[in-house]
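The structure appears below as structure tokens.
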Amino acid sequence: MRTPFDPSVFVADRLQNVPPSGIRRFFDLVSEIDDVISLGVGEPDFITPWHIRETCIHSIEHGETAYTSNYGLLELREEISWMYDRKHKVEYDPASEVLVTTGVSEALDIAIRAIVNPGDEVIVSQPSYVAYVPSVIFSGGIPVPLSTTVENKFKITPDELEDVITDKTKAIVFNYPNNPTGATMDRSDLEAIADIVVEHDLMVISDEVYECLTYNGDHTCFASLDGMRERTILLNGFSKAYAMTGFRLGYALGAPEIISSMMLIHQYTMLCAPVTAQIGAIEALRNGEAEMQKMVREYDRRRHLIVGGLNKIGLECFEPKGAFYAFPSIESTGLTSDEFSQRLLNEQKVAAVPGDAFGKSGEGFLRCAYAASQDDIRTALDRIGEFVDGLK
Amino acid sequence: MDKQLSHILEILEGDARAAPKDIASLTGMSVEDVSKKIEQLEKSGIIRKYKTIIDWDLVGESYVYAVIELKVILERKYGYEKIAERLYKFPEVRSVRLLSGGYDIALTVRGKSMKEVAFFVAEKIATLEQVQSTTTHFVLKTYKEDGVILHEPEHIKRLPVSP
């Protein structure tokens with residue numbers, strides 16, 4: 001007798017090592033409950049500014065629906081290159097050092113695939129965005145978590161970085177302003193990291209997608225540091241700054257050798273980023289500053305509202321200086337992140353993602369996205385307050 | 001313009017009833033500082049007035065609005081000031097603007113009926129000696145007023161949780 005066919009034995013071994021997403025599981029829980037106020041959404045609650053949408057509609061009406069260059073529209077690459085020159089005094093050649101991708105997600109994937117050999121170690125600072133560790137595993141690399149702590153304002157410290165570097169270390173991945181902590185790193189903080197990068201001959205993948213959402217002082221672009229332009233694969237995109245998540249548009253900047261290797265994967269897997277999104281991105285860079293700044297000012301107000309509110313409730317909250325997340329400690333309640341999130345959801349219908357979904361060092365914290373209306377934030381704070389009071 | 005000032009003005013522009021306490025929690029300023037700043041803004045005339053946008057149609061008080069274009073004869077010494085003053089003193093006149101282009105002044109006039117507006121223009125406006133001609137356009141529907149879209153606001157649909 002033949003054994004029944006089992007498709008699961010065909011799944012590649014590599015995927016067995018990928019941990020299931022904590023967010024996915026939480027998503028399923030939230031979907032079962034009605035009238036939830038969600039602080040769990042990692043995307044803007046604004047609609048893409050009308051001038052960008054209108055430009056896209058116009059382009060479709062005029063039949064701009066074909067493939068673009070694999071690298072992306074030259075016009076867009078030029079705009080990106082000019083912006084970096086203007087804002088950060090870093091020059092990138094639009095012809096060979098800019099690659100337009102389908103979201104920063106794709107840029108991250110092909111950046112890692114372009115440089116990681118099987119067995120290479122890649123340091124991933126945590127708590128951080130959920131895709132870094134799996135992306136390293138997909139390319140046969142070994143992810144090495146680097147925990148940051150609230151005591152150090154969730155910055156990477158030189159000592160802690162040195163501790164996890166081995167002779168197999170190929171690269172380090174980090175993200176400032178940071179999802180989920182809202183932490184930022186100043187120029188001097190980053191310079192200390194750059195010294196170690198040179199000393200150990202590493203590459204850096206710097207995900208700066210929250211660059212525009214910086215509330216105190218200016219963002220420092222990692223590639224703008226001395227000697228870092230060639231060593232950095234800089235990732236950025238349009239989702240957060242211009243509320244364009246569904247357009248799926250990002251880009252990577254780096255040395256021509258690296259960008260052309262990423263391009264090799266990109267041309268055979270993606271061919272090119274969606275043309276309509278690229279046209280919208282050109283409009284965003286040319287005429288989107290005022291609307292973007294307006295959204296940033298609104299996030300800034302909500303930031304004050306939620307951080308003040310959480311601290312008042314007794315959930316000690318580190319002051320986030322970028323992105324749109326507050327990351328309060330829930331340790332004082334005696335619950336784990338997971339217990340806190342689940343009970344808050346079931347008892348008060350507020351969704352916020354448990355901190356450990358972003359790495360072990362996120363345990364004891366809760367990610368509260370303030371990309372939600374002021375009314376929703378106020379109601380959520382009331383409910384969280386009631387929940388915490390009930391625990392006493 | 002400093003950051004705190006633009007926060008205060010944007011908050012009040014969106015909600016004239018925002019209390020100093022609310023503004024303080026949104027800006028990280030103290031309640032006293034917010035109150036002081038608002039007082040200064042009121043005194044200096046940057047904040048002119050706190051206004052409520054009312055949909056009178058829903059109340060049952062339906063008004064008729066018309067945009068009136070005026071060509072006027074300029075007065076020596078006073079320019080447009082005198083005629084503008086005469087016009088804006090009528091309570092029926094809701095706005096007065098001096099414009100460049102084909103005509104000189106645009107008014108918005110509000111009345112209970114088209115007849116009332118038409119008679120107001122014929123009797124009170126057209127008869128002013130500086131007024132050369134008037135053209136009356138009745139407003140059929142208002143889609144957007146003072147930056148506020150009045151019908152079918154847009155909603156964004158998002159997943160309840162995302163990374």
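The values are calculated or read from the model by the stated rules, or taken from the named source; none is laboratory data. Keep in mind it's a predicted model, so treat the numbers as computed, not measured. Heads up, the Cβs are rebuilt from the backbone with ideal geometry, glycines too, and the neighbour counts pull from every protein chain shown. All accessible areas refer to the heavy atoms of the entire protein, side chains included, with ligands and DNA or RNA removed. Shrake-Rupley method; radii C 1.70, N 1.55, O 1.52, S 1.80 Å.
For segment A:341-358, a residue qualifies if it is open to solvent by 10 Å² or more (accessible area, probe 1.4 Å) and either within 14 Å of another protein chain (Cβ to nearest Cβ) or not in a helix (DSSP H, G or I) (or both), and the qualifying residues are A:Gln342, A:Lys349, A:Asp356, A:Ala357.
Only one residue in B:Ala84, B:Ala24, B:Ala66 is surrounded by 11 or more Cβ atoms within 10 Å (Cβ to Cβ) and in contact (Cβ under 8 Å) with a residue 60 or more places away in the chain. Which one?
Details: B:Ala84 fails: in contact (Cβ under 8 Å) with a residue 60 or more places away in the chain; B:Ala24 fails: in contact (Cβ under 8 Å) with a residue 60 or more places away in the chain.
Only one candidate qualifies: B:Ala66.
Candidates in segment A:26-52 are the residues that are in a helix (DSSP H, G or I) and within 10 Å of chain B (Cβ to nearest Cβ); of these, the one that is farthest from A:Gln278 (Cα to Cα) is A:Leu29. Picking from residues in segment B:2-21 that are more than 10 Å from chain A (Cβ to nearest Cβ) and farther than 26 Å from B:Glu145 by Cα, the one that is most open to solvent (accessible area, probe 1.4 Å) is B:Lys21. Considering segment A:171-185, the residues that are farther than 19 Å from A:Ala357 by Cβ and in contact with a strand residue (DSSP E or B) (Cβ under 6 Å, 6 or more places away or on another chain) include one that is most open to solvent (accessible area, probe 1.4 Å), namely A:Thr184.
Taking segment A:63-158 and the helices (runs of 4 or more DSSP H) fully enclosed by it, the elements with 2 or more residues that are more than 14 Å from chain B (Cβ to nearest Cβ), open to solvent by 30 Å² or more (accessible area, probe 1.4 Å) and basic (Lys, Arg) are at A:74-88.
When A:Met1 is tested against the conditions (1) buried (at least 16 other Cβ atoms within 10 Å of the Cβ); (2) not assigned by TED's automatic domain parsing to the domain that holds A:Thr379, the lone failure is (1). Among the residues of segment B:144-163, the ones that are open to solvent by less than 80 Å² (accessible area, probe 1.4 Å), among the aliphatic types (A, V, I, L, M) and within 8 Å of chain A (Cβ to nearest Cβ) come to 2 in all.
Is it true that B:Gly102 is out of contact with any helix residue (DSSP H, G or I) (no Cβ under 7 Å at 6 or more places or on another chain), small (Gly, Ala, Ser) and either within 14 Å of another protein chain (Cβ to nearest Cβ) or within 27 Å of A:Leu310 (Cα to Cα) (or both)? When the stated conditions are applied, B:Gly102 does not pass them. Identification of helices (runs of 4 or more DSSP H) wholly contained in segment A:256-317 with 1 or more residues that are within 14 Å of another protein chain (Cβ to nearest Cβ) and open to solvent by 40 Å² or more (accessible area, probe 1.4 Å) yields A:289-313. A single entry from B:Glu32, B:Glu61 fulfils the requirement of being away from chain A (no Cβ under 14 Å) and over 30 Å from B:Val109 (Cβ atoms): B:Glu32. For A:Gly22, the criteria (1) open to solvent by less than 60 Å² (accessible area, probe 1.4 Å); (2) out of contact with any helix residue (DSSP H, G or I) (no Cβ under 8 Å at 6 or more places or on another chain) hold in every case but one, which is (2). For segment A:6-24, the criterion of a residue being within 30 Å of A:Gly355 (Cβ to Cβ), touching a His at 6+ places or on another chain (Cβ under 8 Å) and more than 14 Å from chain B (Cβ to nearest Cβ) is satisfied by no position. Residue pairs whose Cβ atoms lie under 9 Å apart, sitting 6 or more positions apart in sequence or on different chains, and linking a residue in segment A:113-134 that is assigned by TED's automatic domain parsing to the domain that holds A:Gln267 and without any contact (Cβ under 8 Å) to a residue 12 or more places away in the chain to a partner that is of a type outside the set (Val, Ile, Thr) and buried (at least 20 other Cβ atoms within 10 Å of the Cβ), do not occur here.
Annotation: of all residues in segment B:87-125 being open to solvent by less than 50 Å² (accessible area, probe 1.4 Å) and polar (S, T, N, Q), the one that is nearest to the chain's Cα centre (by Cα) is B:Ser95.
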